[in-house]
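The values are calculated or read from the model by the stated rules, or taken from the named source; none is laboratory data. Note that the structure is predicted; figures quoted are calculated from it, not measured. So basically every Cβ, Gly included, is an ideal-geometry build from the backbone, and we count neighbours across all protein chains shown. Each accessible area value is taken on the protein alone, full model and side chains, heavy atoms only, with ligands, DNA and RNA left out. Shrake-Rupley method; radii C 1.70, N 1.55, O 1.52, S 1.80 Å.
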Amino acid sequence: MAAEIALVLGDHLTLENPALARIDRARDSVLMIEAPGEARHVWSHKARIALFLSAMRHFAATLREAGFRVHYLEVDDASLPASLPERLGHFLATHAPSRIWMCEAGERRLADALAAAAAARTTPLTSLADPHFLVSMEAFSRWAGDKSSLRMEFFYRHVRRETGVLMDGDAPVGGQWNFDADNRKGFGAKGPGLVPTPPRYPPDAITQAVFATVEREFGDHPGSLDSFGWPVTRAQALDALHRFVEERLAAFGPFQDAMWSNEPFLWHSLLSTSLNLKLLDPREVIDAAVRAWQERRLPLASVEGFVRQILGWREFIRGVYWHWPDLGRLNHFEHHRALPAWFWTGETSMNCLRDAIGQTLRHGYAHHIQRLMITGNFALLAELSPQAVCDWYLAVYVDAVEWVELPNTAGMALHACGPRFTSKPYIASGAYVKRMSNHCKGCRYDPGVRVGPGACPITLLYWAFVDKHAATLSANPRTVTMTSNLERLPVADRQSIRTAARDVLAAIDSL
Ligand code: FAD
Ligand code: SF4
């Protein structure tokens, strides 16, 4: 019988990958494909490319140690076609395996293209359900039913009940489902004080070889490799989890939403890359946090706040991505403006955006509130095209995989999917940035000024947005206060907001 293949994609780097259990180690092989087309599909940050390639090469070594035979196609092999599906087609033509097993892809585009490549060679391809997630797609669909809008909070409660995580019988431990109200603190004028340095993992020989390849093949891509220290093996990912729970989880909750200049990581876990590459299982991450509460009495607000991100948001977002196939095409507000060029350089005079984009280019990382309330808020208020913004987020973050990036960007940050899974557009003026960070101190703009000299572009565009969408915002109980504040303004002020916003947007590249 001809040999079979387990195709292991770059974000399925676990021995629990179900395709591995379907092949016979003595007869069959694993196929791993690096493809330059994947790095160029969006103009990927160098660190994002390096992370995937390095983690894949380390995992290939793990597979070989476990007794698997591995066919490994390297990104700079010029004898092969550029795209991943074409590389698969080429492999099928030259090796003629009798069938392909794979764990379901994390992106619709790739799932369809791989299926088409296999079909073109009449090689049967079986895509197996991904056991990494706690909620299967069938279970998500059962929960979602035919509802036209879905809310994370109800999903989260449902999953807490189903799994028993942080439950006391039928009730949530601590008597509350969430501790959001305790978890929205800013730092005040004194700042965050001493923040524990998160672990970074020095590049070994494999990673350094990857760096050389990335600089040679993708030297014109955005971002830098200078501070690369992401976990690229399961052992490093487990160490990162352990260090987070020991050193930063206790303060994670209260300062989850806070920002501070030149403090890119604060108390965040930096575990998204390890989870998304499947170096870590979400169950072990949740268990580690819950154990820290049970055994070391870490604050429940922090532990619950962290568990909610993984058990709630991450599972919900993944369910939403597969539930609604059209998310990438939606444009609720019909926004079409191109990205300003400074999104790729960070060279803007707005301190908040310079800080968030600058650290993104340096590290491939920004934490949730920077993504949602700094770059995302600006992109929504400036009426940038959701498709262009989604491509940018997919390109610049080391943890970006479409199933998680797209719903967060299009749905959460840009409200491009309307009310399907967010109850309101997440918009804020400069006052929010001032409250949650120190960015406004020393900025050439004043967050309290809407129009005229020193007016903060975020504040101006916020008011222009509320003015433009007043009818819908006033009909929504969650946004009605925004419009009641607007209604207090004299008509002439509203007119000058509209004119000034038009002028600012016309000169968006020079902000
Ligand atoms: P922490 O703040 O320590 O949170 C813990 C974990 O919870 C994260 O590692 C992550 O796995 C999970 N998590 C938290 N929030 C979310 C969320 N909204 N959706 C899914 N998982 C969540 N996350 C990605 O993994 N990849 C992306 O491409 C991505 N794009 C985003 C785009 C936008 C516009 C926004 C607003 C959010 C995006 N997120 C994305 C979610 C979130 O910002 C990141 O998961 C988080 O910042 C990663 O840093 P961390 O590991 O330090 O997270
Ligand atoms: Fe950002 Fe405005 Fe504050 Fe400057 S003043 S940091 S632009 S919110």
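General remarks:
- Shown for the range 4-128: the carbon plus sulfur share of the solvent-accessible area, taken with all protein chains present and a 1.4 angstrom probe, equals 52%.
- Rounded to the nearest angstrom and listed largest first, the equivalent-ellipsoid semi-axes of the range 4-128 from its Cα gyration tensor are 20, 18, 13.
- Length available on full extension from Thr62 to Arg362: 0.36 nm per residue minus the Cα-Cα distance, which gives 105.0 nm.
- Helix-derived mean residue ellipticity, 222 nm - over the chain, DSSP H n ≥ 4, -39500 (n - 2.57), to 500: -13000 deg cm²/dmol
- Only protein heavy atoms count here; on that basis, with a 1.4 Å probe, Arg161 has an accessible area of about 140 Å².
- The chain: radius of gyration and largest Cα-Cα distance (Dmax), Å: 23.6, 81
- Solvent-accessible area of the range 196-340 (1.4 angstrom probe, protein heavy atoms only): carbon and sulfur portion equals 52 percent.
- Neighbourhood net charge (14 Å Cβ-Cβ; Lys/Arg +1, Asp/Glu -1) for Glu347: +1
- Mean accessible surface per residue for the range 375-442, computed with a 1.4 Å probe while every protein chain stays in place, in Å²: 23
- Accessible surface of the range 341-510 [probe 1.4 Å, protein heavy atoms]: carbon and sulfur percent: 55
- Averaged over its residues, the range 4-128 has an accessible area of 38 Å² per residue, based on protein heavy atoms and a 1.4 Å probe.
- Size of charge dipole - the range 341-510 - debye, nearest 20, with Cβ of Lys, Arg +1 and Asp, Glu -1, no other charges: 540
- Sequence-ordered 3J(HN,Hα) estimates for the range 405-419 from the Karplus curve with 6.51, -1.76 and 1.60 and θ = phi - 60° stand at 5, 5, x, 5, 7, 5, x, 6, 7, 9, 6, 6, 9, x, x Hz, glycine and proline given as x.
- Counting only Cβ charges, +1 for Lys and Arg and -1 for Asp and Glu, the dipole size of the chain around its Cα centre is about 1080 debye.
- Over 25 Å [Cα-Cα, the range 341-510], rounded percent: 30
- Qualifying GluC sites (Glu not before Pro) for the range 259-366 [loop in DSSP, other Cβ within 10 Å: at most 16]: Glu334, Glu347
- Net charge of Cβ neighbours under 9 Å - reference Pro264; Lys, Arg +1; Asp, Glu -1: -1
- Assuming charge only on the beta carbon of Lys and Arg (+1) and of Asp and Glu (-1), the dipole of the range 270-339 about its Cα centre is about 120 debye to the nearest 20.
- Net charge of Cβ neighbours under 13 Å - reference Ala117; Lys, Arg +1; Asp, Glu -1: +1
- Label positions at Ser496 and Ala96, each projected 7 Å from the Cα along the C-beta direction, are separated by 8.0 nm.
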